[in-house]
Structure formats: structure tokens, C-alpha cells
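Here is the structure we will look at.
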Amino acid sequence: MKRYSAFALAREAFRNHQGWERAWRDAQPKKHYDAIIVGAGGHGLASAYYLGKNHGIRNVAIIEKGWLGGGNTGRNTTIIRSNYLQDPSAAIYEKSRSLYETLSQDLNYNIMYSPRGVMMLAQTEHEVRGYRRTAHANALQGVDTTFISPKKVKELVPIIELKGPRYPVLGALWQERAGTARHDAVAWGYARACSDMGMDVIQKCEVTGIQREGGRVTGVSTTKGDIGCNKLGIVVAGHSGHLAEMAGFRLPIESVALQALVSEPIKPCMDVVVMANTVHGYMSQSDKGEMVIGGGADGYNNYTQRGSFHHIEETVRALCETFPMISRLKMLRQWGGIVDMTGDRSPILSKTPVENVFINCGWGTGGFKAIPGSGWGFAELMAKGHSPLTEAFGLERFREGRFVDESVAAGVAH
Ligand SMILES: Cc1cc2nc3c(=O)[nH]c(=O)nc-3n(C[C@H](O)[C@H](O)[C@H](O)COP(=O)(O)OP(=O)(O)OC[C@H]3O[C@@H](n4cnc5c(N)ncnc54)[C@H](O)[C@@H]3O)c2cc1C
């Protein structure tokens, strides 16, 4: 694969851009692989990439029923932060955030990581106490966050209204090195690097069954035929319950729609990400100038990839009271994704009751930020059978009542 560089850009400019190669091969399935990953979202692709890069396992297929990145990975609002409360969460999310910092160089693909800073507004005394507690916990975990005053909030976000009609802004949990990245580019960058290592990224190929013999996985049935494998990684977010059923076990997961919307583009007016969890909405400005807006998840299980209308109204109302100047903006687009929610709002990175089947799911409303760290840990789990990063996120925690409770950090926020 030819490297992308300033020199390559200049060379192609002189050749009318006729010399660019395909970013990844359009692969067809082989008969057998050392490992198959189901789901070419960010987590599946990152898992495959680190299997190859860190563990030398390169005879790998990543099988996707639609197009790569077409699930939640290409539908999220791209917030990256690591200010979670519990130690295992801080470890995996901070590993992820730090990998994001140099991911463009690592993949030789510009993922447009923008460490612009993320703030979570405290609008009740309860939230003030909660976020101060998180800031203290983060200090012990080596995650750089601070609790800032309303004056500092206004300095960082001049368009904010501090004395909202329902809730005043009393401060915020601020993570300066948090930010955003281009979500499709994360999927494309990993896919290109996987393909370059000789892996097969197989699109438009749905897994319809999981073949087992004596409690071990032997392969998968797909719409492009049967494919054998020694190890299987299930990384399909909102469809995890279906795949687990094919493998013969059940998951403590609920699938619900989560939606987002963007406005028409306007001049730059906000260069940080603001999350207002009490009134229930968050906003950032994309590089194109659109205001990127997200709200809460639907209150009932569904697979619609659309989201219910009352959430749009609630989210827009919350943001109009936080940023009155957006009240006259026109909304351009609205869409949804199917997110996979666990009871403790933490992911599942685990072995399963079927030998050599591993599952990576439960990232719910906030897994974009975790893609590199999750891939790193899950690849280690698949390759070696254990990983310090994934240890606390096993399936057995639900049986043993050993939850990693992140309902404050992840319940509404992303
Ligand atoms: C509106 C919205 C906003 C969000 N905002 C944020 C945010 O700001 N920050 C953040 O950190 N997170 C956010 N998230 C969450 C984040 O997008 C997800 O946690 C993350 O993208 C999950 O990635 P994934 O690779 O696990 O899943 P996906 O990207 O959904 O990939 C799973 C893939 O599996 C494929 N698949 C399913 N079944 C099969 C099958 N049978 N055979 C083959 N392939 C199959 C699907 O087609 C899909 O492409 C948001 C999510 C949504 C929906």
C-alpha cells in the first residue's frame, strides 16, 4: 500500500489524481481463517487491527452485513473523553483517548482528532457533588480533569446562558484533552490498515448462523456461504443479542434507538463540546460549521435506526434554553442508531460459554470514544485468553453482582 503523505498529495496533484489506490481490497471470503470478527464497526475493525499489529494474527476476516462503519460508528456525535468514575473504566477509556492522540500517524490516515475540550455542565447541587467526586477520582487515576466555575464556563463558551430558565449553570467537569474525531475516518483508517496487513474486510455479507462442534466454534454461516474459523469475535453492537442467540447463549443487553441531529452550517461560534445532562442535550460544532446535537435514548426496546419524535423536541428545547442563539437555526438532518445497553452502563468484553467465541458489546451510548482501547484489549483477550484492560468487563459480573456502575458518567452522556 502506498503511504499517504504531503509528497503523495503533490505527486497526485500533477497527475490529476489518477494514481490513488483503493483504500482497501474488496475481499471475497476464503474457506477458513484463524479468526473471524463479525461486525465492521469501529470496535470490530480496531480489534482486528490490534490482533494483527500486536499479536501477529493476520489470517483474519472482518465480516459486515452492510457497509463498514454503517452502524453506530458512522452515526454517532464523535465525542471522545475518559472522565469516568470507576478505575477499570478510566483505564480503558484513557488508554483509548491516548491512542486517539496519535491514531492518524499510527494508521497513516487523517482521523481529524480534535482535542478541543469537553465540558459536562453541573446544573444541580447533586451534579456539583457528583462531578467534584469524579474529578477527585480522575486525579487518582491519572486522568486530567478539573471542576471549573461558571465564570470559566462562560469564558470557554461565550454563547452559553448561565441562568437557564429551569436550571442555572453551577460549574462543569472539564477535560481539556478530550474532544472529537471524524467517525467514518476512524472506520476507514482501521479498514485500510487491516487490508494492508492481508486481512479480508468482507462487506454485504450477513452472518446467519454460528457452527459449533463439541462446545467449540468451527465457523459461521453467511449470505456468501460457510466460512470456517478457529476463533470468533462477535462485535455487532445493537445486534449482539441475535448473534449470541445463534451461538447458543443469552446476554444481559437491551437494544434501543439513540438519535442525533445537525443544523445548517453557521460561522464558528463554539470550539468546545458542551454536555448538559440535567436538561438532557449536548452540542458541538463540526468542522463544516453544523451544530451537532445529541439527546437521550428511547425508553423502549427497538431496532429502528430512527428514534422517536418526542426526543427531538426535548433535546432541542434543552439546547435552546442552554444556548438561546440557536433557537432560529434550521435543522438539516436527523438519524438514529441501535445501541446496546447493559444494566451498569459498562461494556462487555468477555469470553463466552462457547469455547473460542468472544464478545465485545454493551458500549451503549458512548462507545465511539472507546474504539482504540477496546480493540487493543479485546485483541489481547482473543489472542491470549486474558487482558488487564478487559478483566473487569467479563460476562460473569452480572451473575456475581460485581457491576462497574457508570450510570452517572454514561447514562445520558456520551
Ligand atoms: C446517535 C448516536 C450518538 C452517539 N454519540 C456518541 C458519542 O458522541 N461518543 C461516543 O463515544 N459514542 C457515541 N455513540 C455510541 C457509539 O456510536 C457506539 O458505541 C459505537 O459506535 C459502537 O461501535 P461498534 O463497532 O460496536 O458498533 P457498530 O458501529 O454498530 O458496528 C456493528 C456492525 O455490526 C454489523 N452487524 C450486525 N449484525 C451483523 C451480522 N449478522 N452479520 C454481519 N454484520 C453484522 C452492523 O451492520 C454494524 O456495522 C453514539 C451512538 C449513536 C447511535
- Restricting attention to the range 318-355, and to residues there that are closer than 30 Å to CYS269 by Cα and within 13 Å of the ligand (Cβ to nearest atom), which single residue is surrounded by the fewest Cβ atoms within 10 Å (Cβ to Cβ)? ARG333
- Item | Selection count where residues are buried (at least 17 other Cβ atoms within 10 Å of the Cβ) and either of a type in the set (A, V, I, L, M) or within 17 Å of ILE159 (Cβ to Cβ) (or both), scope the range 287-311 | 5
- Message: Cβ-Cβ under 8 Å, sequence separation 6+ or interchain: first residue in the range 303-314 and among the aliphatic types (A, V, I, L, M), partner within 12 Å of the ligand (Cβ to nearest atom). Which pairs?
- Response: ILE312/GLN259; ILE312/LEU261; ILE312/GLY295; ILE312/GLN334
- By residue number, the members of the range 216-236 that are within 15 Å of PHE358 (Cβ to Cβ) and within 8 Å of the ligand (Cβ to nearest atom) are VAL235, VAL236
- Note on the structure: For strands (runs of 3 or more DSSP E) lying entirely in the range 134-207, having 2 or more residues that are more than 26 Å from SER98 (Cα to Cα) picks out 200-202
- Query: Does the range 18-35 contain at least one residue that is at negative phi, out of contact with any strand residue (DSSP E or B) (no Cβ under 6 Å at 6 or more places or on another chain) and aliphatic (A, V, I, L, M)?
  - Reply: yes
- Note on the structure: Scanning the range 151-177 residue by residue, the ones that are among the small types (Gly, Ala, Ser) and out of contact with any Asp or Glu (no Cβ under 9 Å at 6 or more places or on another chain) total 1
- Note on LEU251: of the conditions (1) closer than 26 Å to PRO347 by Cα; (2) within 12 Å of the ligand (Cβ to nearest atom), unmet is (2)
- Query: For the range 288-307, does any single residue satisfy the condition of being under 20 Å from MET341 (Cα atoms), out of contact with any strand residue (DSSP E or B) (no Cβ under 6 Å at 6 or more places or on another chain) and assigned to a strand (DSSP E or B)?
  - Reply: yes
- Task: Of the numbered conditions (1) surrounded by fewer than 24 Cβ atoms within 10 Å (Cβ to Cβ); (2) over 18 Å from the mean Cα position of the chain (by Cα); (3) of a type outside the set (Phe, Trp, Tyr), SER98 fails exactly one; give the number of that condition.
- Result: (2)
- Test result for PHE358, aromatic (Phe, Trp, Tyr) and within 11 Å of the ligand (Cβ to nearest atom): no
- Residue in the range 51-73 that is among the hydroxyl-bearing types (Ser, Thr, Tyr) and under 27 Å from GLY394 (Cα atoms) present: yes
- Can you name the number of the only condition in (1) within 16 Å of the ligand (Cβ to nearest atom); (2) in the same structural domain as THR304 (by TED's automatic domain parsing) that ILE148 fails? (1)
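The values are calculated or read from the model by the stated rules, or taken from the named source; none is laboratory data. Quick caveat, the model's predicted, so the values are computed rather than measured. Cβ coordinates were reconstructed from backbone atoms using ideal geometry, including for glycine residues, and neighbour counts include every protein chain displayed.
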